[in-house]
Ligand code: SF4
Ligand code: SF4
């Protein structure tokens, strides 16, 4: 059986990736499961999706515990524990990343014993004016790694899954997917089907000692103020609001009032300033600005230098 997990952020198309790969396997005659898991259903929050595919009936259920391949659309997820990107990975598992960093750097940093590979530069997969369809790109890379999905089948699966979005979107997705499929030809068949883990492969449940704790310690309580500042929710962002100060009329209250994260402050000259450490990229400010002074840009095209916000 093939066990493949996709990790990304809400809005990046991980659900679509698992749908496309699942459909492609199905068209090749496999039995398939594909499912998605969301935490908070909001843009930018970590999500994962997974696909099982086998020539035999699949009896395994639930979240994939021992993945053969994990594909990560956003490498910032590797820096936090909660998304569980490495959960259940073994030395035989393969990690495929969308990252500007070298795979070796991630292998060392994560102390990961399996193989790590990177997608080709994803910005080169699209025309400058096009949106990057990273979910479809990840699905195509997965199809290439398993080596049992033909280009024709991949095309059909993309058309079947995205037809509802119209011709132009389908064409963009097809171009990007087929480009990555061709570029990754050398990786065809790197993932082999693995057998079902035996019960003995899982650690025995151990007795957990629960020491008595005074309620003041064991009950959930926040004892200090302003701790949310320590949570850099800007990591969730896939799209970044950018203020065009030539168009801004300094109406001040509109964008800053609507920002649900309180991430827009007004400086002494009356100009709004975005705190990119805490802006999660919902783009409500862009929708509300009456002078269209806020635009969105892809997060990965911006440098960390500008995270402190624009000075004006
Ligand atoms: S809502 Fe628009 S015009 Fe008003 S302060 Fe914000 S960016 Fe400027
Ligand atoms: S996109 Fe705009 S409204 Fe949303 S969190 Fe960022 S600054 Fe606030």
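Points to keep in mind about this one:
- Looking across the stretch 265-280, the residues that are under 13 Å from residue 243 (Cα atoms) and either at pLDDT below 90 or surrounded by fewer than 16 Cβ atoms within 10 Å (Cβ to Cβ) (or both) come down to 265, 266.
- Residue check, residue 68 surrounded by 14 or more Cβ atoms within 10 Å (Cβ to Cβ), touching a strand residue (DSSP E or B) at 6+ places or on another chain (Cβ under 8 Å) and touching a residue at least 40 places away in the same chain (Cβ under 8 Å): yes
- Segments classed as strands (runs of 3 or more DSSP E), wholly inside the stretch 31-126, with at least 3 members that are under 24 Å from residue 197 (Cα atoms): 31-38, 46-54, 69-72, 94-97
- Within the stretch 248-268, the set of residues being within 13 Å of ligand 2 (Cβ to nearest atom) and farther than 24 Å from residue 43 by Cα comprises just one member, 266.
- If you check 206, 215, 219, 226 for being on the phi > 0 side of the Ramachandran plot and more than 16 Å from ligand 1 (Cβ to nearest atom), only one passes: 226.
- Restricting attention to the stretch 88-98, the residues being surrounded by fewer than 19 Cβ atoms within 10 Å (Cβ to Cβ) and without any contact (Cβ under 8 Å) to a residue 40 or more places away in the chain number 3.
- Screening the stretch 1-30 for residues that are out of contact with any helix residue (DSSP H, G or I) (no Cβ under 7 Å at 6 or more places or on another chain) and assigned to a strand (DSSP E or B) and picking the one that is surrounded by the most Cβ atoms within 10 Å (Cβ to Cβ) gives 5.
- Of all the criteria given as (1) crowded, with 21+ Cβ neighbours inside 10 Å; (2) on the phi < 0 side of the Ramachandran plot, the one not satisfied by residue 129 is (1).
- Test: residue in the stretch 51-65 that is closer than 27 Å to residue 169 by Cβ and touching a helix residue (DSSP H, G or I) at 6+ places or on another chain (Cβ under 9 Å): yes
- Qualifying residue in the stretch 228-240 (condition: within 16 Å of ligand 2 (Cβ to nearest atom), surrounded by 17 or more Cβ atoms within 10 Å (Cβ to Cβ) and modelled with pLDDT of 90 or more): yes
- Of the listed requirements (1) assigned to a loop (DSSP other than H, G, I, E, B); (2) in contact with a strand residue (DSSP E or B) (Cβ under 6 Å, 6 or more places away or on another chain), residue 242 misses just one: (1).
- Scanning the stretch 43-57 for residues that are farther than 23 Å from residue 140 by Cβ and loosely packed, with under 15 Cβ neighbours inside 10 Å returns 56, 57.
- Residue check for residue 189: assigned to a helix (DSSP H, G or I) and either more than 21 Å from the chain's Cα centre (by Cα) or closer than 22 Å to residue 23 by Cβ (or both): no
- Residue tally, condition crowded, with 22+ Cβ neighbours inside 10 Å and within 7 Å of ligand 2 (Cβ to nearest atom), over the stretch 282-292: 1
- The set of residues in the stretch 271-291 being near ligand 1 (Cβ under 8 Å from one of its atoms) and assigned to a loop (DSSP other than H, G, I, E, B) consists of 271, 289, 290, 291.
- Among residues of the stretch 175-185 being free of Cβ contacts under 8 Å to residues at least 60 places away in the same chain and surrounded by fewer than 19 Cβ atoms within 10 Å (Cβ to Cβ), the one that is nearest to residue 34 (Cα to Cα) is 178.
The values are calculated or read from the model by the stated rules, or taken from the named source; none is laboratory data. Treat the numbers as computed from the prediction; the structure is a model and nothing was measured. Ideal geometry is used to build each Cβ from the backbone, glycine not excepted, and the neighbour counts take in all protein chains shown.
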